[in-house]
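The values are calculated or read from the model by the stated rules, or taken from the named source; none is laboratory data. Not measured: the values here are computed from a predicted model. FYI the Cβ positions are ideal-geometry reconstructions off the backbone, even for glycines, and counts take in every protein chain you see. All accessible areas refer to the heavy atoms of the entire protein, side chains included, with ligands and DNA or RNA removed. Shrake-Rupley method; radii C 1.70, N 1.55, O 1.52, S 1.80 Å.
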Amino acid sequence: MSLHPADDQAAHSLAPGFPGSISAPAGAATLSRQQRALHPGWVLVLASLWLATVCNVALWRELTRLPGLHGGQLLQASLSLGLMIALTTCGLLGALAWRWTLKPVITLFLFSAAFGAYFMMAYGVVIDPTMMVNTLQTDLRETRDLLNWRMLASVVVLAVLPSVLLWRQPVRRLGALRHTLTNAIIFIASSALLVLTVMLSFQGFSSLMRNHTHVRYLINPLNSFYALGVIAAKPFQRNETVILPLGEDARLGASYARQNKPPLLLLVLGETARSGNFSINGYQRPTTPKLAQETLVSQRNAWACGTSTAASLPCLFSHLGREGYDARPASYEGLLDVLQRAGLAVLWIDNQSGCKGVCDRVESTNTSLLKVPGLCDGGECFDEVMLDRLDERIAALSAERRARGVVVVMHQMGSHGPAYYKRSPAAFKTFKPECSSNALQECGHDELINAYDNSIVYTDHFLSRSIQWLKAQEPRAAPALIYASDHGESLGENNLYLHGMPYSIAPDVQKRVPWITWLSPSFEQRAKLSMACLNQRRDAPISHDNYFHSVLGVMDVQTGVYQRTLDMYAPCVRP
């Protein structure tokens, strides 16, 4: 009777006088290892159970919070959902984990689940394609802001320790045919049991998914892999490498023929600013005292077209609007391309992680890594650095274009979290004590609000300084400023932090944004805009859908893609 190959090896190793034989103690150790070896199928099952139970603590926590789900219903929902996750994970591992890939694939699943579990537990976020895009576009500065001992502890417990056990555990070697058969059985059995489980619990499961759609984005780590799959499929749905031209008929309007001095428009893009935390919008704390002294209009009912920079920024500069941008069949040029095509000088200044493709075809510079004394420290700069050498940067643009008009875009670091305390210099920390940690759970709610509001106080100062700079340009230009944030932020409401929730289920604080307009008398005259009229309409609902057309309108750029009905300034233009 022939032995198993592993047993043959052990027998040869122990046979006295056999060439290449090893000593008895070594042979005993080898035999002991063979006896401890687990079948690959059991390794997949155990890994799937760990991932489905312990690594889904955020999901189980959320189920306990759902209204109407308690007692027996909660237990049934948890058991059925846990079994579905385990079976799906096991089937997926059965398709991917082979002799040489078994441990690496399981390790990948473990670390993906560990990081996902931490962020979902710590900040109450969900992981969907938008959140995954944010993750993939995170730069070194943003990564540093997220690192803390809680993350390290979570990853060690959920991924490092299980991975060490996995790699120390011997796994029985199977022949190619037998391993294929084993994986096939695991995949088919997992799929069959999954279908059976869904059928038996379909009524409760479908109701749960329908009434609480965010729950599906908490299923860990399948949510991450699904999001990556959606992102990977996008090139097959839309060719991102081809940028279609926009506004090829763009030209400057009649106001340029009679102008005494060219327009100078400063577009400031806020980061993570909540409209409700601006005192000029009715907030009780004095977060915007300097803006309150200016003659300007703050729209109090403005809405973002996304809940993250990656979603909002390209949409903001698109002619398509939120729904059209999400469903676009192709990629198009944006607002800055149309302004430049009309003959204006355009400059993008970034103090953030990039323009997400918006500024790819215009002059641009990044100030975030400069080393300006008093403004830059610890590998990042405060937003005022964008005003440093601004005259010099504009002077470097085409003189012919500058003579027609200039549009400068400043992309703020703003109130980017979770390290809100880093967003304001010491002189602007009006509210104390503030949270000085990026692990927001370590801070009281009042400390967190103080840190965030201090970042708004500094934004108030930055915008005030920008307006003062613009006023200094009046002898030679007609200046104006439009400030709008890319999205809002959650600050612990309903145990939710940061931003990036799917738009359909995101709270209003992540979608409602500030939109401020300041016009110099000369710009107001050339644009024939009535600030009094704008002030009367400050509570009218507007959104990022209006931004593209409103900027074209105030700059008097004529093009077929401009829609007057979406120009929020058009109703206040005097005849």
Only unsatisfied item for PRO162, checking (1) without any contact (Cβ under 8 Å) to a residue 60 or more places away in the chain; (2) within 34 Å of the chain's Cα centre (by Cα); (3) over 30 Å from TYR420 (Cβ atoms), is (1)
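Evaluate the following for THR295: is it part of a loop (DSSP other than H, G, I, E, B), surrounded by fewer than 19 Cβ atoms within 10 Å (Cβ to Cβ) and touching a residue at least 12 places away in the same chain (Cβ under 8 Å)?
Details: part of a loop (DSSP other than H, G, I, E, B): yes; surrounded by fewer than 19 Cβ atoms within 10 Å (Cβ to Cβ): yes; touching a residue at least 12 places away in the same chain (Cβ under 8 Å): yes.
Yes: the conditions hold for THR295.
Can you give me the number of residues within region 334-362 that are of a type outside the set (A, V, I, L, M, F, W, C) and closer than 16 Å to GLN558 by Cα?
Restricting attention to region 334-362, the residues satisfying the condition of being of a type outside the set (A, V, I, L, M, F, W, C) are 334, 337, 340-341, 343, 350-354, 356-357, 360-361.
From the residues that got through so far, the ones that are closer than 16 Å to GLN558 by Cα too are 334, 337, 340-341, 343.
Number satisfying all stated conditions: 5.
Within the bounds of region 507-522, is there any residue that is basic (Lys, Arg), open to solvent by 30 Å² or more (accessible area, probe 1.4 Å), in contact with a strand residue (DSSP E or B) (Cβ under 8 Å, 6 or more places away or on another chain) and not in a strand (DSSP E or B)?
If we filter region 507-522 for residues that are basic (Lys, Arg), which is where we start, we get 511-512.
With open to solvent by 30 Å² or more (accessible area, probe 1.4 Å) added as a condition, the list becomes 512.
Add one more test, that the residue is in contact with a strand residue (DSSP E or B) (Cβ under 8 Å, 6 or more places away or on another chain), and what stays is 512.
After this cut, where a residue has to be not in a strand (DSSP E or B) as well, the list is none.
No, that holds for no residue.
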Can you pull out every residue in region 355-383 that is out of contact with any Cys (no Cβ under 7 Å at 6 or more places or on another chain), surrounded by 18 or more Cβ atoms within 10 Å (Cβ to Cβ) and assigned to a loop (DSSP other than H, G, I, E, B)? CYS355, LYS356, VAL358, CYS359, VAL362, PHE382
Those residues of region 66-76 which are open to solvent by 60 Å² or more (accessible area, probe 1.4 Å) and either of a type in the set (A, V, I, L, M) or in contact (Cβ under 8 Å) with a residue 12 or more places away in the chain (or both), in sequence order: GLN73, LEU75, GLN76
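Would you confirm whether or not region 151-165 contains a residue that is in a helix (DSSP H, G or I), within 30 Å of ASN351 (Cβ to Cβ) and either modelled with pLDDT of 90 or more or open to solvent by less than 40 Å² (accessible area, probe 1.4 Å) (or both)?
Initial filter on region 151-165 (in a helix (DSSP H, G or I)): 151-165.
Retained after the next criterion (residues that are within 30 Å of ASN351 (Cβ to Cβ)): 151-152.
So of that shortlist, the ones also either modelled with pLDDT of 90 or more or open to solvent by less than 40 Å² (accessible area, probe 1.4 Å) (or both) come out as 151-152.
Checked region 151-165: at least one residue is in a helix (DSSP H, G or I), within 30 Å of ASN351 (Cβ to Cβ) and either modelled with pLDDT of 90 or more or open to solvent by less than 40 Å² (accessible area, probe 1.4 Å) (or both).
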Scan (1) among the polar types (S, T, N, Q); (2) crowded, with 18+ Cβ neighbours inside 10 Å; (3) closer than 30 Å to GLY357 by Cβ for the single condition THR138 breaks and write down its number. (2)
Quick count over region 523-564, residues being part of a loop (DSSP other than H, G, I, E, B) and among the acidic types (Asp, Glu), is 2
Suppose the filter is touching a Leu at 6+ places or on another chain (Cβ under 7 Å), more than 21 Å from THR182 (Cβ to Cβ) and either assigned to a helix (DSSP H, G or I) or in contact (Cβ under 8 Å) with a residue 40 or more places away in the chain (or both); does VAL133 pass it? no
Which one of these is without any contact (Cβ under 8 Å) to a residue 60 or more places away in the chain, of a type in the set (A, V, I, L, M) and out of contact with any Lys or Arg (no Cβ under 9 Å at 6 or more places or on another chain): LEU448, LEU481? LEU448
Cβ-Cβ under 8 Å pairs, at least 6 apart or on other chains, region 214-232 side within 15 Å of PHE111 (Cβ to Cβ), far side open to solvent by 40 Å² or more (accessible area, probe 1.4 Å) and among the hydrophobic types (A, V, I, L, M, F, W, C): LEU222/LEU92; PHE225/LEU92
May I ask you to list pairs of residues, at least six apart or on different chains, whose Cβ atoms are under 6 Å apart, with the first in region 357-384 being under 25 Å from SER312 (Cβ atoms) and basic (Lys, Arg) and the second being open to solvent by less than 30 Å² (accessible area, probe 1.4 Å) and at pLDDT 95 or above? ARG361/ASP337
Out of ALA189, ALA227, report the one residue that is in contact with an Asp or Glu (Cβ under 8 Å, 6 or more places away or on another chain) and either at pLDDT 90 or above or hydroxyl-bearing (Ser, Thr, Tyr) (or both). ALA227
